[in-house]
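Have a look at the structure below before the remarks.
None of the figures in this text is laboratory data; all of them are computed from the coordinates on show. Just so it is clear, the structure is predicted and the values come from calculations on it, not from any experiment. A quick note on method: Cβ atoms are made from the backbone with ideal geometry, for glycine too, and the neighbour counts reach across all protein chains shown.
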Amino acid sequence: MTLIELRAVSRAYDGGPPALNDVSLSVARGEAVAILGPSGSGKSTLLNLVAGLDRPTSGTVTVDGVRVDKLGEAAAAKYRRASVGMVFQFFNLIDDLTVADNVVLPAQLAGVPARQSHKRAADLLDMLGIGRHAKAYPGRLSGGERQRVAVARALMNRPALLLADEPTGALDTASGEDVKRLLVDLHADGQTVVLVTHDLSLARDCATRTIRLVDGRVAADTTVEPVR
Ligand SMILES: Nc1ncnc2c1ncn2[C@@H]1O[C@H](COP(=O)(O)OP(=O)(O)OP(=O)(O)O)[C@@H](O)[C@H]1O
Ligand SMILES: [Mg+2]
């Protein structure tokens, strides 16, 4: 069953060559896709369009039955809260909220009752091996721990889709391995994952499919048998 469908998607910024140029692709539920390609090839642009953070110049983006390219700002925010979890290279945690409060935030914004959301946050933090840091502030945590908090936050509202843009890009090797293992486990449990990375070992270990972008176009799209 298709979760993401891009049809003839282009995104041009003023004065430049198109960041994405006539890209069509679909991603099935349960796939783990790695987007590869040189700097400036359109990887983050693609992710942002799928997340409803940006709109295509032309073409259509459909996720989970929603025409994301047609959403206004408020509807896009609602779509993101309900359907998308995002993980970024530099964590994007709120430094003056505790770990638990960071994780709970998407549920709070979605109007989930506090008791229920705090229970889920605690469960997620335990599952990701950082339950003991629930009351700490993100600044006290290591990079790998912070990224696990970001993953917990991304999973809070049980999104159909987990997007990650260079999730190990700012981590040392050991922390990167932790985050990699986490993504592999989430995918094994059925989570659809689309991740952008320069790290070939992350792509190889996490993804069942790799899409290579060059100059805003799909240069290769390869499905691989998982090596486990
Ligand atoms: N807001 C923007 N305004 C103007 N140009 C932009 C904007 N965002 C991206 N671009 C341009 O679009 C192209 C693709 O950018 P994008 O960020 O998608 O690349 P990327 O593949 O993610 O690169 P990297 O690996 O360096 O993160 C680049 O040429 C970039 O300069
Ligand atoms: Mg990028």
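Per residue, the chain reaches -10500 deg cm²/dmol at 222 nm when only DSSP H runs of four or more residues are counted, each adding -39500 (n - 2.57). Summing charges over all other residues whose Cβ lies under 15 Å from the Cβ of Val104, with Lys and Arg as +1 and Asp and Glu as -1, gives +3.
Give, as a single signed number, the net charge of other residues whose beta carbon lies under 12 Å from the beta carbon of Ser175, with Lys and Arg counted +1 and Asp and Glu -1.
Spelling it out: positives minus negatives among the neighbours equals 0.
Taking the Cα centre of region 130-228 as origin, sum charge times position over the Cβ atoms of Lys and Arg (+1) and Asp and Glu (-1), and report the length of that vector in debye to the nearest 20. Walk me through the numbers on the way to the answer.
Values: 14 positive and 13 negative charges, 84 e Å.
Dipole size: approximately 400 debye.
Note on region 9-23 and region 152-219: Cα centroid distance 24 Å, given to the nearest whole angstrom.
Rounded to the nearest Hz, the phi-derived 3J(HN,Hα) couplings of region 126-143 under the Karplus curve 6.51 cos²θ - 1.76 cosθ + 1.60 (θ = phi - 60°) are 5, 4, 8, x, 10, x, 5, 9, 3, 8, 7, 9, x, x, 8, 8, 6, x, where x marks glycine and proline. Got a sec? Charge dipole of region 2-223, +1 on Cβ for Lys and Arg, -1 for Asp and Glu; which of Ala121, Ile35, Val87 is way out at the positive end? Projecting each Cα onto the dipole axis, the largest value belongs to Ala121. Counting only the Cα atoms, the chain fills a convex hull of 125 Å³ per residue.
Considering the dipole of region 2-223 built from charges on the beta carbon (Lys and Arg +1, Asp and Glu -1) around the Cα centre, which of Thr45, Ala220, Val151 is farthest to its positive end? Of the options given, the answer is Val151. Between 0 and 90 degrees, the angle of helix 73-83 with respect to the longest Cα principal axis of the chain falls at about 70 degrees. Pairs of Lys residues in region 2-223 that lie 8 or more places apart, or on two chains, and have C-alpha atoms under 30 angstrom apart add up to 10.
Assuming charge only on the beta carbon of Lys and Arg (+1) and of Asp and Glu (-1), the dipole of the chain about its Cα centre is about 580 debye to the nearest 20. Stretching Gln108 away from Thr60 to a fully extended chain increases their span by 14.2 nm, per 0.36 nm per residue minus the current alpha-carbon distance.
Pull out a ≥ b ≥ c, the square roots of the eigenvalues of the alpha-carbon gyration tensor of region 1-45, then state rounded if a/c is under 1.5, prolate if not and a/b is larger than b/c, and oblate in the remaining case. Oblate, because a/c is 1.5 or more while a/b does not exceed b/c.
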